[in-house]
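These notes concern the structure reproduced below.
The values are calculated or read from the model by the stated rules, or taken from the named source; none is laboratory data. Keep in mind that what you see is a predicted model, and the values were worked out from it rather than measured. Cβ coordinates were reconstructed from backbone atoms using ideal geometry, including for glycine residues, and neighbour counts include every protein chain displayed.
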């Protein structure tokens, strides 16, 4: 059975991937690498941490969710042993909204409070449910403000499109059709420069793995079967 190593989104915990992991049962094994939650880290620092925790034997696919996408690409560019392909979910290689990229130095002023209606609209849209919001807010409350701010700043200024163009591995781009965080142009930019990329639209909000786990699993299964493994 294929193995998928998942790099979570901005929360860094993997707690919000439970529905996706449940839907993947019988199709592929999922191993989540959570990020250290006690200190702010750059993408490069996180990449070093991830490489140390990758499987030591066998083949695997690397999945990056949202914030985890650039991280997956950085790790893949270092050609770790056993890596068979990269999967990006509602993610990017370079944050596509130029005015927001200019705000990265000011991310340290991001407020520590989490307005539920705004978060619900941005991340879940019409897929919002009390259960999902409760889990999301519980995770955000536990996330240190300085860690969240560092990750926001890193996401706004990251640019790994060059690494994508040099990546010989197959890449699956799962793009959410109703994503209010990452514009469709972000995945299109990766598809244009990647040597071997599949771009698939999934009817979902930014939190696609939480809102449409079965559809995501179906596309990942097809990708892992088609990739050299």
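Just to be sure before I move on: is residue 94 in contact with a strand residue (DSSP E or B) (Cβ under 6 Å, 6 or more places away or on another chain) and modelled with pLDDT under 95 in the structure I sent?
On the way: in contact with a strand residue (DSSP E or B) (Cβ under 6 Å, 6 or more places away or on another chain): yes; modelled with pLDDT under 95: yes.
Spelling it out, residue 94 is indeed in contact with a strand residue (DSSP E or B) (Cβ under 6 Å, 6 or more places away or on another chain) and modelled with pLDDT under 95.
Name the residue, out of 196, 191, 168, 185, that is farther than 25 Å from residue 18 by Cα, surrounded by fewer than 20 Cβ atoms within 10 Å (Cβ to Cβ) and modelled with pLDDT of 95 or more. Talk me through it step by step, then tell me what you get.
On the way: 196 fails: modelled with pLDDT of 95 or more; 168 fails: modelled with pLDDT of 95 or more; 185 fails: modelled with pLDDT of 95 or more.
From the options 196, 191, 168, 185, the qualifying one is 191.
Scanning the stretch 199-222 for residues that are touching a strand residue (DSSP E or B) at 6+ places or on another chain (Cβ under 9 Å), surrounded by fewer than 22 Cβ atoms within 10 Å (Cβ to Cβ) and in contact (Cβ under 8 Å) with a residue 24 or more places away in the chain yields 199, 200, 201, 202, 203, 219.
Return the residues of the stretch 147-176 that are within 30 Å of residue 218 (Cβ to Cβ) and not in a helix (DSSP H, G or I); say none if nothing qualifies.
Here is the first cut: in the stretch 147-176, the ones within 30 Å of residue 218 (Cβ to Cβ) are 151, 155, 158, 160-161, 163-176.
Selection gives 158, 160, 167, 168, 169, 170, 171, 172, 173, 174, 175, 176.
The residue that is nearest to residue 223 (Cα to Cα), among those in the stretch 129-146 that are in contact (Cβ under 8 Å) with a residue 24 or more places away in the chain and not in a helix (DSSP H, G or I), is 143. Please name all residue pairs, on different chains or six or more residues apart, with Cβ atoms under 9 Å, provided the first residue is in the stretch 69-88 and is more than 17 Å from residue 224 (Cα to Cα) and the second residue is at pLDDT below 95 and assigned to a strand (DSSP E or B). That search, which allows pairs on different chains as well, returns 70/94; 70/159. Regarding the stretch 112-121, can at least one residue be identified that is assigned to a strand (DSSP E or B) and either crowded, with 16+ Cβ neighbours inside 10 Å or in contact (Cβ under 8 Å) with a residue 40 or more places away in the chain (or both)? Among the residues of the stretch 112-121, not one is assigned to a strand (DSSP E or B) and either crowded, with 16+ Cβ neighbours inside 10 Å or in contact (Cβ under 8 Å) with a residue 40 or more places away in the chain (or both), which makes the answer no. Elements of the type helices (runs of 4 or more DSSP H) sitting completely within the stretch 16-81 and holding at least 2 residues that are over 25 Å from residue 211 (Cα atoms) and out of contact with any strand residue (DSSP E or B) (no Cβ under 7 Å at 6 or more places or on another chain): these cover 43-52, 68-77. Mind listing just one residue for me: the one in the stretch 188-208 that is part of a helix (DSSP H, G or I) and under 19 Å from residue 75 (Cβ atoms) and, of those, nearest to the chain's Cα centre (by Cα)? Among those that are part of a helix (DSSP H, G or I) and under 19 Å from residue 75 (Cβ atoms), it is 190.
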